[in-house]
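Asker: Take a look at the following structure, please.
Just so it is clear, none of the values below were taken in a lab; they were calculated from the coordinates. Predicted model, so just to flag it, every value in this text is computed and none were measured. Neighbour counts run over all protein chains shown; Cβ positions are idealised from the backbone, glycine included.
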Amino acid sequence: MTRHDIRRLSMGFALGLFAFPLQAQQNDTTHWVSDSLTTYVRSGPTDGYRIVGTLIAGEPVTLLETSGDYSRVQNADGNTVWVLSSELQDSPGAQMRVPELEHQVAELSGELDSINEQWENRTSAQREALETQEARIVELEERNQALDAESEQSRQTIRQLQARLDTQEEDLLMRYFMYGGGVAGAGLLVGLIVPHLPRRKRKRDRWF
């Protein structure tokens, strides 16, 4: 929710309040002059009495009595006059309600701003945590790839060493065969040659 949306919501709520009467804390005889541009008052309870002045739109008055279409009221200055009952209302007029409504709008706007700030802070914290987790995941993936490459290199090295070991074993076995064959051949050759060698005659010892 953006700040502009919050402002629109608060103004809509304030306008909605105009549709409901504000509860007054005064006694039941308290009335308010209607919001007409001009509210004439007379000296008596009929149209035949002369007009003695006007009341301010939205002004609170105390209802004293009612006679026909007129009501006798007393304003804050203590003046008593007659006014048409239709020009009185049981709830404050818009002029008196606007300041309080503006105050309520200001309070609501402050609360909404606070909520918006808390939401933005929470969103920012969650975004930072998400970025940290994503960075950690990337780091782990890179480390995993490095370990895979190192493992593959190790496997290749093991295969090369195993091939060399197999070759060395074959060479060693071949050497053993060649050495054994050479010894056997030499023994056979000696066995064939020695019987044919001339023997030296043994001299007899003479005693005379």
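Asker: Using r as the Cβ-Cβ distance of Val138 and Asp166, and R0 as 41 Å, what FRET efficiency do you calculate, to the nearest 0.05?
Answerer: On the way: r = 42 Å, r/R0 = 1.03.
Given R0 = 41 Å and the Cβ-Cβ separation, E is 0.45.
Asker: Let me ask you something else. Run the numbers for Met178 and Gln156: contour at 0.36 nm per residue of separation, minus the present Cα-Cα distance, in nm. Mind showing how you got there, number by number?
Answerer: Values: separation 22, 0.36 × 22 = 7.92 nm, distance 3.28 nm.
Answer, rounded to one decimal: 4.6 nm.
Asker: Something else about it: If I model a spin label as a point 7 Å beyond the Cα along the Cα-Cβ vector, how far apart are those points for Thr62 and Ser43 in nm?
Answerer: 2.4
Asker: Right, next: Between Asn116 and Leu192, what is 0.36 nm times their sequence separation minus the Cα-Cα distance? Round to one decimal in nm.
Answerer: The span from Asn116 to Leu192 would gain 16.1 nm if fully extended.
Asker: Next question, about the same structure. Go through 181-188, 99-106 and give me the packing order, highest mean Cβ count within 10 Å leading.
Answerer: Ranked from most to least packed, the peptides come out as 99-106, 181-188.
Asker: I want to check the label-to-label distance for Ser85 and Glu100. Put each point 7 Å from Cα in the C-beta direction and report it in nm to one decimal.
Answerer: The two pseudo-label positions are separated by 2.6 nm.
Asker: Rank by packing, highest mean first: peptides 142-151, 51-60, with packing defined as the count of other Cβ atoms within 10 Å averaged across residues.
Answerer: The packing order, highest mean first, is 51-60, 142-151.
Asker: Further question: Order these peptides, 72-80, 165-173, by their mean beta-carbon neighbour count within 10 angstrom, highest first.
Answerer: 72-80, 165-173
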